[in-house]
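Heads up, the thing below is written out as structure tokens.
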Amino acid sequence: MSLPEIAEVLIVGAGPTGLACALSLHQKGCRNITVVDAAETNANGSRAMVVHAATLEASSIGVAQSLVDAGNPTKTIKGYDLGGSGLVTIADFGSLKSSTQFPFLLVIPQTVTERVLGEHVRAAGIKVLRPFKAVGIQPDQHDKEYTRVLFESGQTVKARYVIGADGARSAIRQAAGIEFMDPSAAPSAPAASSESQGQVALGDVTYTTPQPTLLDEPLFIFSHDGLFLSAPMRVSEGEPSRTYRIVCGVPPNDKAPPSRPDKHYLQGLFNKSGLIVATGGRSYQDIVIDKVAWSTRYRARSSIADTFFTRLEGGQGGAILLIGDAAHIHSPAGGQGMNLGLRDAVSLGTALAPLLASSSLDDAPLQAWADKRRQLGLAIINFTKSIRGVAGGHNGGGMVWIGGVIPVPIQWSTLRSWGFWVLNRSPWLQGLVAWRLSGLGTI
Ligand SMILES: Cc1cc2nc3c(=O)[nH]c(=O)nc-3n(C[C@H](O)[C@H](O)[C@H](O)COP(=O)(O)OP(=O)(O)OC[C@H]3O[C@@H](n4cnc5c(N)ncnc54)[C@H](O)[C@@H]3O)c2cc1C
């Protein structure tokens, strides 16, 4: 497949956000859309594991039911607090039923989400052109409203709107000269060193024996200095949930995990997770990892683009827009990243489609879109940092001081256990946690 010479809209990157944006524009009547991706085939990996209610609600692109059919709708998130509170209900998504038609957390591997989006893109007649790696942009010499996107192959495409959906290392963002950094870092700090939260090793695994029923739903285990998560997932159509995503905090004094943790490495972290206490004293030999379908390591950091919308040549040239990881990245805590990206994508379609239909040059709607999405990105960065804080990422084994006149030192994990004790007795709080995670009220 070859590249066209000209496109009204050129979407660079066919990850979840690029595909969702193409669908959103198509659904609103735009037909001159070109989608390109650097990779020969889609091989982005399992990565994000949940789709939240707000994302399903925002899916005016017609994929919500297909996603629900392919995933595991889950009503609650449970946690086991080894510090003393035992089994705790952290979030009750069922309580969202008066606010959404999707009162659940949809557990679904990103590979399946991308497969569903890809099927809808194909059904809409939109082709993803591969492998075409964008390497630069420049203003068009003759038509100042257009941008030329340069590809590694030497070809160029002239586009009126260029949408950078090309992930955290976005070539489009860099070529447009848009800064990308942690909003709480000093202005001169480079993005990669601006935040260095704990490392995690994660994998999609199967076990040699049937699992305790406690693992039938997403379960966090909170220990003095670490965090462990297990969640059952369906990776193939029609298959019961025999694959589990496990996320294991790597103890601070351990070496960095390997880039593709194998089953021995994951089993080692698994054995230290405290699951034996949570499952009523089963021996570790009962819970043995059989196969690792996918695995990786992750060091959470946060960055956000200075702007999600710009025009080249001091505001006179072609339009560049950023969505998804190209615009913001943060810790996977709370499963917010891909969800925010998908909602960026759907809302950009809504903002851009009327401009395309009327050939309007008014930038106000795009600027308003960009400002709103950036505000939401900042809010999510703060939110994920606070989740990490509660989980123990910042201060797991440390002391905090409480009290006014006579301050008293107390273990952070003890304070957290008190919080869990209260949370476990308050359905209202469990609903509030579900509401915050779901993204409802922000879209
Ligand atoms: C290890 C890991 C675990 C994660 N876990 C979670 C989680 O639990 N929950 C959660 O919500 N999020 C998680 N995320 C984040 C989530 O995966 C991303 O938010 C999501 O993939 C963003 O989608 P995207 O389409 O913006 O970017 P991407 O998925 O990165 O897709 C970008 C696409 O652009 C293409 N591309 C890149 N450069 C170019 C170029 N120069 N030219 C053309 N094409 C290009 C790539 O091939 C790719 O297909 C995780 C990420 C990682 C890495």
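Structure above, values below:
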{"read-out": "Scope region 109-155; condition open to solvent by 40 Å² or more (accessible area, probe 1.4 Å) and within 25 Å of residue 29 (Cβ to Cβ); matching residues", "value": "119, 120, 122, 123, 125, 127, 143, 145"}
{"read-out": "Selection count where residues are away from the ligand (no atom under 13 Å from the Cβ) and in a strand (DSSP E or B), scope region 137-155", "value": "4"}
{"read-out": "Close pairs from region 42-59: first closer than 13 Å to residue 108 by Cβ, partner acidic (Asp, Glu) and open to solvent by less than 10 Å² (accessible area, probe 1.4 Å), Cβ under 8 Å, at least 6 apart", "value": "46/204"}
{"read-out": "Top-ranked residue in region 175-198 [being under 26 Å from residue 259 (Cα atoms) and modelled with pLDDT of 85 or more; ranked as nearest to the ligand (Cβ to nearest atom)]", "value": "180"}
{"read-out": "Residue among 69, 81, 37 that is buried (at least 20 other Cβ atoms within 10 Å of the Cβ), of a type outside the set (S, T, N, Q) and either without any contact (Cβ under 8 Å) to a residue 24 or more places away in the chain or under 17 Å from residue 119 (Cα atoms) (or both)", "value": "37"}
{"read-out": "Subset of region 260-276 [out of contact with any strand residue (DSSP E or B) (no Cβ under 9 Å at 6 or more places or on another chain) and modelled with pLDDT under 85]", "value": "276"}
{"read-out": "Sole residue being under 25 Å from residue 293 (Cα atoms), of a type outside the set (Lys, Arg) and in contact with a His (Cβ under 8 Å, 6 or more places away or on another chain), chosen from 67, 105, 82, 117", "value": "105"}
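Here's the yes/no breakdown for (1) part of a helix (DSSP H, G or I); (2) at pLDDT 85 or above; (3) buried (at least 16 other Cβ atoms within 10 Å of the Cβ):
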{"residue": "366", "(1), (2), (3)": "yes, yes, yes"}
{"residue": "375", "(1), (2), (3)": "yes, yes, no"}
{"residue": "381", "(1), (2), (3)": "yes, yes, yes"}
{"residue": "384", "(1), (2), (3)": "yes, yes, yes"}
{"residue": "389", "(1), (2), (3)": "yes, no, yes"}
{"residue": "400", "(1), (2), (3)": "no, no, no"}
{"residue": "409", "(1), (2), (3)": "no, no, no"}
{"residue": "416", "(1), (2), (3)": "yes, no, yes"}
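Conditions (1) at pLDDT 90 or above; (2) under 30 Å from residue 29 (Cα atoms); (3) within 16 Å of the ligand (Cβ to nearest atom); (4) out of contact with any Pro (no Cβ under 8 Å at 6 or more places or on another chain), marked per residue:
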| residue | (1), (2), (3), (4) |
| --- | --- |
| 246 | yes, no, yes, yes |
| 252 | no, no, no, yes |
| 258 | yes, no, yes, yes |
| 314 | no, no, no, yes |
| 324 | yes, yes, yes, no |
| 332 | no, no, yes, yes |
| 340 | yes, yes, yes, yes |
| 343 | yes, yes, yes, yes |
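The values are calculated or read from the model by the stated rules, or taken from the named source; none is laboratory data. On a predicted model such as this, the values are computed, not experimentally measured, just so you know. Cβ coordinates were reconstructed from backbone atoms using ideal geometry, including for glycine residues, and neighbour counts include every protein chain displayed. Please note that ligands, DNA and RNA were not included when accessible areas were found on the heavy atoms of the full protein model with its side chains. Shrake-Rupley method; radii C 1.70, N 1.55, O 1.52, S 1.80 Å.
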